[in-house]
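Contents: one structure, followed by commentary.
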Amino acid sequence: MCLLSCGDRVSVQVEEGVSKILADGRSQQLQSISYDLSFDIPKISTDSITGKLKLAFKTNQSDSDVVLDFESPSIQRLIANGDELVPIQEKGHLILPASYIKKGYNELEIDFVSGDEAFNRNQDYLYTLFVPNHASTAFPCFDQPDLKARFRLRLNMPSDWKAISNTAVVSESVEGDKKIIQFDQTFDISTYLFSFVAGDFDYEQRSTKGFDLEILHREEPDDRLRQNLYEITQLHKQSVEWMENYTGIAYPFQKFGIAILPSFQFGGMEHPGAIDYRASLLMLEESATQDDKLRRAGLIAHETVHMWFGNCVTMKWFDDVWMKEVFANYLADKIVAEMFPDINHDLVFLYDHYPSAYEVDRSSGATPIRQPLDNLDDAANMYGSIIYHKAPIMMRQLEMLVGDKVLQSSLKDYLDSYEYKSADWEDLITIIARVSGKDLSVFNQSWVYQEGMPFFELKFTETDALSEYDIIQHDPKGKGRIWPQYSDIIFSDDLGVMSHSLMLDQHHYILPKVRGTEDPKFILMNSEGKGYGVFFHGLQYVKNEFLFKQARVDISRYKNELVRGSAYINLHEYLLQEGFHPQLYFQFLQNYLREEQNEVIITYLLSTIQQVYFQFFTHEMRIENAENIENLLLTKIESTESGQLKTTLFNAYMDVALSTKAIDNLKKYWEDELLPTGITVSKRQRESIAMNIAMKGSSEDEVYVDWQIEKMENSDRIDRMKFIQPALSHDQVIRDQFFESLKYPANRLHEPWVLSALAYLHHPYRQEASIAYLKPSLEMLAELQQTGDIFFSKGWMNQTLAGYNSTQAADIVRAYLSENQLSSHLRNKLLQSSDILFRSEKNLKEYQGN
């Protein structure tokens, strides 16, 4: 046995996290990596998890130190190529001196105690979540996406638990109070994709026409469970078959499994063979809306696409994390379109992606699709609406530019070339340029590497010499940038509607005056919703009167639902940029809602109504308008025939209910009394009703939450309700204590619960009482980025700031931004989340000043 002595020096210098410099060096140094892991999981969730690792790798160097990543300081034994070493740990890394490394094959044996950060431990179950670089909190590894490896896992866990991992079980035995499960070896995957779930679950296997699915869940055994599991299986099967047909590549991993988790942080996580899902998004109730069903199908398709894009071919570095997400979203949209053929999917695409992308790009915190990343500790900042929503819009524009068959052929080439390897965006765009024969450099630079969006203006010029329209593309930052894109414009006259397709790749696009443009009653730019930006013309907005040229409510009278849908978005985005009369806009939105019949558009109109109602109204304005919007929603529920649409409207009614009459109605609905025609209250809706009554009613009405808990059977949902309950209290002391408790990471383990509680704690109804939480909430952001998962800090900002529109609140945010040296990533996220706060504050000042 050879112990590391003081003479054994290391030359490498490391920093916290995984730096790009370290990752690039290891990519050149290492290959043929395999992990043979064993974890001993105790029954008691506070007891430590211990592990054993046999790590094998090849290196092409024998004169360089090898650096592993491991956040836990507790290494009990370390053997390198037969020699026992004293561990050298620094800044979250385990350093192996070059003197113990051989050129060629190397083998390490490490006994260790895991950190708990990525195990997501609950009283009777746990699940791992290692994205982006949290595997190193659980075991020593090379925690970067391009160092793919093979994993073999053994679990020693309580005998009554069940488990799944990336591969199938090869052996299982029970010894006393322990169950020992050995899983098969994986194909080459990244550390962030290695996963297992273990605990008190029900385990099921589903097979249908050649597709096998294993499922872990904690749901109540009833008819709805059976129906949901059937639908979930079918949706996965359809998604896999579609991807196999589209790519020409069979499902690329050994088996397909899912875990349905009650408080999962994300919608889903694409671990091959063991996808994690949030239960509420998959386990739909009888009252599920069309939007709920589309969201579930889209989520399942999204995670399935990842098996090819992200899992089989993985980005080299997390600056390209958007690549796997853009294909997961873009191809999922195509899959869902075939699943639901009766729905206008151009309209669904419009509403799924454009509002969310505009939300970021209109802000002063806008970022490019592809952002630089120096260290994986900052990788969480890569995630957001730009990669999930603007990137699919970019991809649709690219598909229109090169053709759908060319893009499909390019993606096949990409998957074939890099199967079970890593690649970056430039590798792919080079393939697309080669296959298409097009120069894509300008398009690539404009859409992928620059932030923001253009403004489009329409000018008409008529002289003796010419008569033409000039469509002008403006760069709002004054840099002269262009976003090449396809769009259109329509002119309506007495003879009908004339549409013109446009390729807007210059500052000016000249459209000569032709039939339909001579005496137009209505002009609408971007009527098909393909173009991306702020479209000024066609709305003829006058701030103090809110009139349209020649008509007040033209939009709702258009028969083409895609034209209506695009016009509503164009209008809203334009008004957010220019300012508006909130009372008059609210009245117009109610008129639109009253006349609209399309469920997709109605869902968007409801979200817009709620944004104006909650974020652009004072509390006094809400009180003045409450009964009108409440009555409109009830009337719309009664007049519509669609059960799904009734539920959508009913959910909106619960959210906006403010008047005494509406709160009394909620109490009756909670008792299943005097419900609107066609409404059946589901279990989750009843929970929401109880919480709305408790918060909006009197202090005596808080008892509804206790009564609701008494009715509930699912222990996970009872725990959630109890967690949120203090945020609903009318007692300021109780709310203060709850907020203080959130300063401790141990009280934020269930991140979706925390975000739900914050929505009540900072609700617009409580703006004046809760503003004291605003500054300390901002002061927690840096720590939240370190301790939370990838979406948590942004969710914290969103839920905190959405409740405010006062100058006092805006000043608190402005002061925080000016007084603190924030990283560019964090600053941008905060500017994105506070954008509506700043706009609503300014808008209310102008409105109240009139």
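No lab work stands behind these numbers, since they all come straight from the coordinates. None of the values given here were measured: they were computed from a predicted structure. Ideal geometry is used to build each Cβ from the backbone, glycine not excepted, and the neighbour counts take in all protein chains shown.
What the table shows:
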{"item": "Reference-scaled alpha-carbon Rg (2.2 N^0.38 Å with N residues) for the range 309-448", "result": "1.05"}
{"item": "Linear extension gain, Gln28 paired with Gln786, 0.36 nm per residue minus alpha-carbon span", "result": "270.0 nm"}
{"item": "Cα gyration tensor, the range 132-280 - rounded (a/c under 1.5), prolate or oblate", "result": "oblate"}
{"item": "Paired Rg and Dmax values of the range 1-200, which use every Cα atom, in angstrom", "result": "16.7, 50"}
{"item": "Under 5 Å, built H, 5+ apart or other chain: amide partners of Phe194", "result": "none"}
{"item": "Karplus 3J(HN,Hα) series, Hz, for the range 393-409 with 6.51 cos²θ - 1.76 cosθ + 1.60 (x for Gly, Pro)", "result": "5, 4, 5, 5, 4, 5, 5, 5, 6, 9, x, 5, 6, 5, 5, 4, 4"}
{"item": "Count of Lys pairs (Cα-Cα under 17 Å; at least 8 positions apart or interchain) in the range 708-850", "result": "6"}
{"item": "From the C-alpha gyration tensor of the range 272-348, square roots of 5λ in Å", "result": "25, 16, 10"}
{"item": "For Ile164, distant residues with modelled amide H under 5 Å away", "result": "Val197"}
{"item": "Links that overshoot a 30 Å alpha carbon limit, given the list Lys20/Lys293; Lys459/Lys530; Lys20/Lys334", "result": "Lys20/Lys293; Lys20/Lys334"}
{"item": "Hydrodynamic radius (Kirkwood) for the range 747-827, which is based on Cα pairs only, to one decimal in Å", "result": "13.1"}
{"item": "Intensity falloff of the range 195-302 expressed as log10 I(q)/I(0), Debye formula with alpha-carbon point scatterers, at q = 0.22 Å⁻¹", "result": "-1.37"}
{"item": "Pairwise centroid distance, computed over Cα atoms, of the range 580-656 with the range 659-697, Å", "result": "17"}
{"item": "Proximal aspartates and glutamates relative to Lys178, as straight alpha-carbon distance under 17 Å, when same-chain residues fewer than 8 apart are discounted", "result": "Asp40, Asp47, Asp124, Asp160, Asp200"}
{"item": "J(HN,Hα) series, the range 742-758, from Karplus relation 6.51 cos²θ - 1.76 cosθ + 1.60, nearest Hz, glycine and proline x", "result": "6, 6, 9, x, 4, 8, 10, 5, 8, 4, x, 5, 4, 5, 5, 5, 4"}
{"item": "Long-range amide H partners of Met283 with built H, under 5 Å", "result": "none"}
{"item": "Debye log10 I(q)/I(0) at q = 0.06, 0.07, 0.08 Å⁻¹ for the chain, Cα point scatterers", "result": "-0.42, -0.58, -0.76"}
{"item": "Given charges at beta-carbon only (K, R positive; D, E negative), |dipole| of the chain in Debye", "result": "720"}
{"item": "Backbone HN-Hα couplings from phi across the range 281-287 [Karplus 6.51/-1.76/1.60, Hz, Gly and Pro as x]", "result": "8, 9, 8, 7, 9, 4, 8"}
